[in-house]
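Participant: Have a look at the structure that comes next, please.
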Amino acid sequence: SDDLETIRFFLKIEYFGVSFLSSFWLLLTYRYTRWHAPSLPFTILVLVIPFITLLLSGTNEYHQLLYRDVLAFYWNGQLLADIVRGPWYYIQMLYSIGIQIYATTVLFLKWKNGGFRRRTQVFYIFLGSIWPFVVSSFYFFEFTPMELDLTPLSLIASAICFSIALFRYRILEMNDVVKDLVFMGINEGILVLDDRDRIISYNKAAIRIFPWLDRGRIGEPLADAPHGPAILSGEGDQFEL
């Protein structure tokens, strides 16, 4: 921006998104790891602090709770913001970092339970979650050059990882209602494969039948799994492809 007032204006616009990033990430992690949506009370609880942050951002000039002041300085001909943090800023940042630590830990444990396999869905989701957490932590503790917030740049790496999980391993492939009400409840063990015979989903009955089956197997060829060749070849009358 060319003037300080424009910078202050777009800082307010920024908080329509940045306030909720960590909370939405937590809700997505919850749904991904538990296979069902979080409850409404839990969702409301998670979003309370971001909504307060958004409100305080829009009215900051009256109370200075989010920013005590927003100054500016020139560097190489560019006008940059010099933000003086207020008390609520630390609440929002600690809340966001805490959520990121929790969500990233849950995904790491999922990856660990899958045997630390790299060519899997959960690996790319875990990898994508690391970058914003690390960069935003560096910014919070003022380790970045000139205290610039480089978190938006880290989201590029996250987007690449999430795109692989979304388009290669198809994390949103199945209809939620069908999976939750029918697919997950049926007593027959079912594995769902893509056109390359890679595992993209399975139901609870299949877990009881195949002890080796877990989220780490998502995206892997069935032929590489125990019993996989037998299933694909249709040996005996145990399996139907």
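The values are calculated or read from the model by the stated rules, or taken from the named source; none is laboratory data. Small disclaimer: the values here were computed from a predicted structure and weren't measured. No Cβ is skipped: glycine too gets one built from the backbone with ideal geometry, and neighbour counts run over all protein chains shown. Ligands, DNA and RNA are excluded from the accessible area calculation, which covers all protein heavy atoms including side chains. Shrake-Rupley method; radii C 1.70, N 1.55, O 1.52, S 1.80 Å.
Participant: Would you mind finding the one in 37, 103 that is out of contact with any strand residue (DSSP E or B) (no Cβ under 9 Å at 6 or more places or on another chain) and closer than 21 Å to residue 152 by Cα?
Facilitator: Numbers: 37 fails: closer than 21 Å to residue 152 by Cα.
Every option except 103 fails the conditions.
Participant: Taking residue 70 and the conditions (1) of a type outside the set (Phe, Trp, Tyr); (2) touching a Phe, Trp or Tyr at 6+ places or on another chain (Cβ under 9 Å); (3) part of a strand (DSSP E or B); (4) open to solvent by less than 30 Å² (accessible area, probe 1.4 Å), which numbered condition does it fall short on, given that it satisfies the others?
Facilitator: With (1) of a type outside the set (Phe, Trp, Tyr); (2) touching a Phe, Trp or Tyr at 6+ places or on another chain (Cβ under 9 Å); (3) part of a strand (DSSP E or B); (4) open to solvent by less than 30 Å² (accessible area, probe 1.4 Å) applied to residue 70, the lone miss is (2).
Participant: For the stretch 195-235, name all the residues that are open to solvent by 70 Å² or more (accessible area, probe 1.4 Å) and not in a helix (DSSP H, G or I).
Facilitator: 195, 196, 211, 227, 235
Participant: Read through the list (1) part of a helix (DSSP H, G or I); (2) closer than 14 Å to residue 18 by Cβ, then give the number of the only condition that residue 83 fails.
Facilitator: (1)
Participant: Sticking with this one: Let me spell it out: the conditions are (1) in contact (Cβ under 8 Å) with a residue 60 or more places away in the chain; (2) open to solvent by 60 Å² or more (accessible area, probe 1.4 Å), and residue 5 meets all of them except one. Which number is the exception?
Facilitator: Only one criterion is unmet by residue 5, namely (1).
Participant: So which residues in the stretch 141-151 are part of a helix (DSSP H, G or I) and over 16 Å from residue 130 (Cβ atoms), if there are any at all? Full working, then the answer.
Facilitator: First, pick out the residues of the stretch 141-151 that are part of a helix (DSSP H, G or I): 145-147, 151.
Passing the criteria: 145, 146, 147.
Participant: I've got another one for you. Which residue pairs have Cβ atoms under 6 Å apart, sit 6 or more places apart or on different chains, and have a first residue in the stretch 134-159 that is farther than 21 Å from residue 105 by Cβ and a second that is part of a helix (DSSP H, G or I)?
Facilitator: Between residues of the stretch 134-159 that are farther than 21 Å from residue 105 by Cβ and residues that are part of a helix (DSSP H, G or I), the close pairs are 144/138; 149/139; 150/135.
Participant: Looking at 122, 106, which is the one that is within 21 Å of residue 27 (Cα to Cα), open to solvent by less than 30 Å² (accessible area, probe 1.4 Å), assigned to a helix (DSSP H, G or I) and hydrophobic (A, V, I, L, M, F, W, C)? Don't jump to the end; show me each part of the working.
Facilitator: Values: 106 fails: open to solvent by less than 30 Å² (accessible area, probe 1.4 Å).
On inspection, the qualifying residue turns out to be 122.
Participant: Hey, among the residues in the stretch 141-172 that are open to solvent by less than 70 Å² (accessible area, probe 1.4 Å) and touching a Leu at 6+ places or on another chain (Cβ under 8 Å), which one's nearest to residue 221 (Cα to Cα)?
Facilitator: Step by step, filter the stretch 141-172, then rank; the result is 166.
Participant: Determine if the stretch 88-103 includes at least one residue that is open to solvent by 40 Å² or more (accessible area, probe 1.4 Å), out of contact with any Lys or Arg (no Cβ under 6 Å at 6 or more places or on another chain) and under 30 Å from residue 204 (Cα atoms).
Facilitator: Scanning the stretch 88-103, I find at least one residue that is open to solvent by 40 Å² or more (accessible area, probe 1.4 Å), out of contact with any Lys or Arg (no Cβ under 6 Å at 6 or more places or on another chain) and under 30 Å from residue 204 (Cα atoms), so the answer is yes.
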